[in-house]
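See structure below.
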Amino acid sequence: MNLQSISQSVGSILFEKGVFGHITVDLISFPDPTNMSSHPLFWAIDINCYMTDYAVACLNFDHLLDGKLDKITGQYFIEAKADPDDILEKDIIEKSAQEGETIYENRCFMFTKFIHHPGLSTIQFSAFFHMCRLE
């Protein structure tokens, strides 16, 4: 899965058509029906030529964590602040330690544009996030 090549191909076609600025492309991914062991296929299902809520959420996530994005895989990493023994992703730590580099942890986030529940306003924030961690 090479998100950078997908983004560059879509971006170059949009630029040829005179579109530039903040662009958000919504993709769906599914297994290749002809070869189940190969990389998944991607279909673009929506293109938004403006700054969307989802793009702003990604920018805020990057601003708050100040990490590094792997443009090919889409994974996001931050510098490890904890003891390397506490971090679950041993392969990343071992590889970084062998190369004498900074140790990085994988990070991700979830953004939900709208949640409706009639009892949500009665729950305290700390209890809500505790329930989210448990689920």
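Observations on the model:
- Near pairs, Cβ below 6 angstrom, 6+ apart or cross-chain, from the stretch 104-118 (in the same structural domain as Ala80 (by TED's automatic domain parsing)) to any residue that is in a loop (DSSP other than H, G, I, E, B) and modelled with pLDDT of 85 or more: Asn106/Gln75
- Those residues of the stretch 1-26 which are aliphatic (A, V, I, L, M) and touching a helix residue (DSSP H, G or I) at 6+ places or on another chain (Cβ under 7 Å), in sequence order: Ile23, Val25
The values are calculated or read from the model by the stated rules, or taken from the named source; none is laboratory data. Quantities reported herein were computed from a predicted structural model and do not represent experimental measurements. As a convention, Cβ positions derive from the backbone with ideal geometry for all residues, glycine included, and neighbour counts pool all protein chains shown.
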